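Asks: Okay, handing you the structure first.
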Amino acid sequence: MTAEVAAPMIKASAVNKYFGDLHVLRDITLEVPRGQVVVVLGPSGSGKSTLCRAINRLEPINSGEIAVDGVPLPAEGKALAALRADVGMVFQSFNLFAHKTIVENVMLAPVKVRKTPQAEARKTAMELLERVGIANQADKYPAQLSGGQQQRVAIARALAMRPKVMLFDEPTSALDPEMVQEVLDVMTGLAKEGMTMLVVTHEMGFARRAADRVIFMADGEIVEDTTPEEFFTAPKSERAKDFLGKIL
Ligand code: ADP
Ligand code: MG
């Protein structure tokens, strides 16, 4: 028997995306192996969010191919719903359902999409809330929680679908500074447990500590793709040097 080589968890091949005349993703080719934590950096408007959304097929692409765990993303239909469930996404805005309790928010997708029985979904939801440190808030409503707590619920909600990959698009950008760390701690825990993660963030401390790899984007292109150590101490491109000069 020949040894089987595991497919990369995320594989983007020559992906192009336009908004009208605006070329937002330019020939993006990227492989993220299983268990890797990739931090995506880059100036505003460089295409970071669009890349996340394309990987989750929230945004159609104009050319190229994106595969998750070896399966090319179909454009639509049932197969898409199933594959999308493999990719958890956490946004800057948590978008919890205001009229549902915390535990109900976490149970919702497994019950509706995966047809998980209520009791089982509740048990899993409570375990996940425990893991993000807010099991004691389970019966409250989102508005009763702080921003940091709500974002942790949003992470638990994404995990409830048992995703293979987690995408984070500036998960701490909307938070008051004192709540940033509690969310980063949950993300660091996930990374340590071996979750494959693509994280768009401006938190350079997190990038240095938790990332296996840094991707720097500018104008829709991947300009640098290297280790955090290399990126922060010896960026190669002028654009990366300029970016780091502004934020550090
Ligand atoms: P980033 O997340 O790096 O700030 P985005 O992926 O949000 O960048 O945006 C990349 C470019 O695409 C920007 O110029 C932005 O204005 C544009 N853009 C993003 N979404 C849309 C949209 N729905 N319609 C038109 N232009 C968009
Ligand atoms: Mg963005």
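Asks: Being over 20 Å from the mean Cα position of the chain (by Cα) and either buried (at least 22 other Cβ atoms within 10 Å of the Cβ) or at pLDDT below 95 (or both) narrows it down to one of Ala79, Ala135, Ala125, Ala67, so name that one. Steps first, answer last, please.
Replies: Details: Ala135 fails: either buried (at least 22 other Cβ atoms within 10 Å of the Cβ) or at pLDDT below 95 (or both); Ala125 fails: over 20 Å from the mean Cα position of the chain (by Cα); Ala67 fails: over 20 Å from the mean Cα position of the chain (by Cα).
One residue alone meets the criteria, Ala79.
Asks: Can you find, within segment 80-94, the residue that is nearest to ligand 2 (Cβ to nearest atom) among those that are free of Cβ contacts under 8 Å to residues at least 60 places away in the same chain and in contact with a Leu (Cβ under 9 Å, 6 or more places away or on another chain)? Spell out the reasoning first.
Replies: Step one: list which residues in segment 80-94 are free of Cβ contacts under 8 Å to residues at least 60 places away in the same chain, which gives 80-84.
Next, from what is left, pick out any that are in contact with a Leu (Cβ under 9 Å, 6 or more places away or on another chain): 80, 83-84.
Working: Leu80: 23, Leu83: 23, Arg84: 19 Å.
Ranking the candidates gives Arg84 first.
Asks: If you take the residues of segment 43-76 that are within 19 Å of His23 (Cβ to Cβ) and of a type in the set (Asp, Glu), which of them is nearest to ligand 2 (Cβ to nearest atom)?
Replies: Among those residues, the one meeting the criterion is Glu59.
Asks: Now a separate question. Any idea which of (1) part of a helix (DSSP H, G or I); (2) within 16 Å of ligand 2 (Cβ to nearest atom); (3) β-branched (Val, Ile, Thr) is the one Val183 doesn't satisfy?
Replies: Looking at each condition in turn, Val183 falls short on (2).
Asks: Among the residues of segment 95-110, write down those that are modelled with pLDDT of 95 or more and either within 16 Å of ligand 2 (Cβ to nearest atom) or open to solvent by 20 Å² or more (accessible area, probe 1.4 Å) (or both).
Replies: The answer is Leu96, Phe97, Ala98, His99, Lys100, Glu104, Leu108.
Asks: Another question, then. For Asp27, work out the one condition from (1) touching a Leu at 6+ places or on another chain (Cβ under 9 Å); (2) under 24 Å from Ala211 (Cβ atoms); (3) assigned to a strand (DSSP E or B) it doesn't fulfil.
Replies: (1)
Asks: Quick check on this structure: which one of Pro60, Pro43 is in contact with a helix residue (DSSP H, G or I) (Cβ under 9 Å, 6 or more places away or on another chain), within 29 Å of Asp242 (Cα to Cα) and within 15 Å of ligand 1 (Cβ to nearest atom)?
Replies: On the way: Pro60 fails: within 29 Å of Asp242 (Cα to Cα).
Answer to the selection: Pro43.
Asks: So, in segment 11-24, how many residues would count as being open to solvent by 10 Å² or more (accessible area, probe 1.4 Å), of a type outside the set (Lys, Arg) and part of a strand (DSSP E or B)?
Replies: Here is the first cut: in segment 11-24, the ones open to solvent by 10 Å² or more (accessible area, probe 1.4 Å) are 11, 13-14, 16-24.
If we keep only those that are of a type outside the set (Lys, Arg) as well, we get 13-14, 16, 18-24.
Cutting the leftovers down to part of a strand (DSSP E or B) gives us 13-14, 16, 18-19, 22-24.
Summing the residues that are open to solvent by 10 Å² or more (accessible area, probe 1.4 Å), of a type outside the set (Lys, Arg) and part of a strand (DSSP E or B) in segment 11-24 gives 8.
Asks: Does at least one position in segment 16-29 carry a residue that is closer than 21 Å to Thr227 by Cα, out of contact with any Cys (no Cβ under 6 Å at 6 or more places or on another chain) and modelled with pLDDT of 95 or more? Talk me through it step by step, then tell me what you get.
Replies: Just the residues of segment 16-29 that are closer than 21 Å to Thr227 by Cα, to begin with: 28-29.
Within this subset, residues satisfying the condition of being out of contact with any Cys (no Cβ under 6 Å at 6 or more places or on another chain) are 28-29.
In the following step, the residues that additionally are modelled with pLDDT of 95 or more were identified as 28-29.
Yes, because at least one residue in segment 16-29 is closer than 21 Å to Thr227 by Cα, out of contact with any Cys (no Cβ under 6 Å at 6 or more places or on another chain) and modelled with pLDDT of 95 or more.
Asks: Moving on. Can you work out which of the residues in segment 192-202 that are within 25 Å of Thr50 (Cβ to Cβ) and surrounded by fewer than 21 Cβ atoms within 10 Å (Cβ to Cβ) is modelled with the highest pLDDT? Outline the logic, then answer.
Replies: Restricting attention to segment 192-202, the residues satisfying the condition of being within 25 Å of Thr50 (Cβ to Cβ) are 195-202.
Then keep just the ones that are surrounded by fewer than 21 Cβ atoms within 10 Å (Cβ to Cβ); that gives 195, 202.
Values: Met195: 97, His202: 94.
Out of the qualifying residues, it is Met195.
Asks: Quick check on segment 186-205: of everything there that is in a loop (DSSP other than H, G, I, E, B), within 15 Å of the chain's Cα centre (by Cα) and more than 16 Å from ligand 1 (Cβ to nearest atom), which residue is farthest from Asp69 (Cα to Cα)? So that I can check it myself, show each step before the final result.
Replies: Looking only at segment 186-205, we keep the residues that are in a loop (DSSP other than H, G, I, E, B), and these are 193-195, 201-203.
Then drop every residue that is not within 15 Å of the chain's Cα centre (by Cα), which leaves 194-195, 201-203.
Imposing the further condition that a residue be more than 16 Å from ligand 1 (Cβ to nearest atom) reduces the set to 194-195.
Working: Gly194: 15, Met195: 13 Å.
Selected residue: Gly194.
The values are calculated or read from the model by the stated rules, or taken from the named source; none is laboratory data. Remember, predicted model here, so these are calculated numbers, not experimental data. Cβ atoms come from the backbone with ideal geometry, glycine included; neighbour counts cover every protein chain shown. Ligands, DNA and RNA are stripped out before the accessible areas are found, and what is left, the full protein with its side chains, is counted by its heavy atoms. Shrake-Rupley method; radii C 1.70, N 1.55, O 1.52, S 1.80 Å.
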